[in-house]
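Colleague: One structure is given below, represented as structure tokens, and several questions about it will come after.
Read-outs: derived from the displayed coordinates by stated rules, not from any lab. Note that the structure is a prediction, hence the values are computed from the model and not measured. Please note: Cβ atoms are built from the backbone with ideal geometry, for glycine as well, and neighbour counts cover all protein chains shown.
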Amino acid sequence: MSTKLQISPRDTRTTRRGAGCAGALASAIAVVAIVALVLALTRPALFGMGEEKVESTTIGASLSDIAQLATEEYAFSDVGKFDQAGLEVLGMRVPFTGRNFLVTYDGRVTAGIRDASLIDVTSGNHTIDITLPEVEVLESHIDADSVQVYDQTMNPINQLRVEDVTGFIADREADAREKAVSAGLLDRAGERAEELARAHVTALVAGTDMEDYEVRVSQAGSARAE
């Protein structure tokens, strides 16, 4: 008695059905992505960003007395550009991998007396002598509200960093400080400080027995007296 062994072909319908579903899902995702891209370019109002949340935590704070006397200001409006070349391979620059931005901004550099409590006043022989501390640059500052960005890269490979912006601002403030000094900021601040000191003392002694005293003003480290 013989037994016949029958082998049926494997049912591939389930496998084919699974592959078909996966392909359809991938196609659907691709279509949705393309539609979203087209809408983002043609109807940007349909898309929005999530809620912006900014938090800060104070890790230190203190109050301290100051006695600054600012007597001259240098105001400026500049255009600045930051440009980082990007990636290099074997000494060759890779296109579209750099990062840069172009901004305009306003700022000011102030100069005067750092500590007005060091002003020295003496009198004798019908004279009042005022000795002022040497004038110096008190502050170089770019107004954050004035910064306008006109161009910046949106490079996912080499993205702009916070250090790029903070370093750029610090460099521009230092550059403005040098320009202000070269333009005569300290000389004008010294002259203005002397004018203010003389006018103040003259007003104080008016109507007193020292009204006829000669008021002489000089700056520490300077031989000039007026």
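Colleague: Quote the FRET efficiency, to the nearest 0.05, computed for Asn100 versus Glu134 with a Förster distance R0 of 41 Å and r equal to the Cβ-Cβ distance.
Modeller: The computed FRET efficiency comes out at 0.50.
Colleague: Can you give the net charge of the other residues whose Cβ lies under 15 Å from the Cβ of Asp145, counting K and R as +1 and D and E as -1?
Modeller: -1
Colleague: For a quick check of your reading of the filter: which GluC sites (Glu not before Pro) in segment 166-216 sit in a DSSP loop and have no more than 14 other Cβ atoms within 10 Å?
Modeller: Filter output for segment 166-216: Glu211.
Colleague: Still on this model: For segment 166-226, state which trypsin sites (Lys or Arg not before Pro) are in a DSSP loop and have at most 12 other beta carbons lying within 10 Å of their beta carbon.
Modeller: Passing both the DSSP loop test and the Cβ count: Arg224.
Colleague: Just add up the charged neighbours of Thr104: K/R +1, D/E -1, any other residue whose Cβ is under 14 Å from the Cβ of Thr104.
Modeller: -3
Colleague: Sort 53-60, 136-143 by the packing proxy (mean of other Cβ within 10 Å over each peptide's residues), most packed first.
Modeller: 136-143, 53-60
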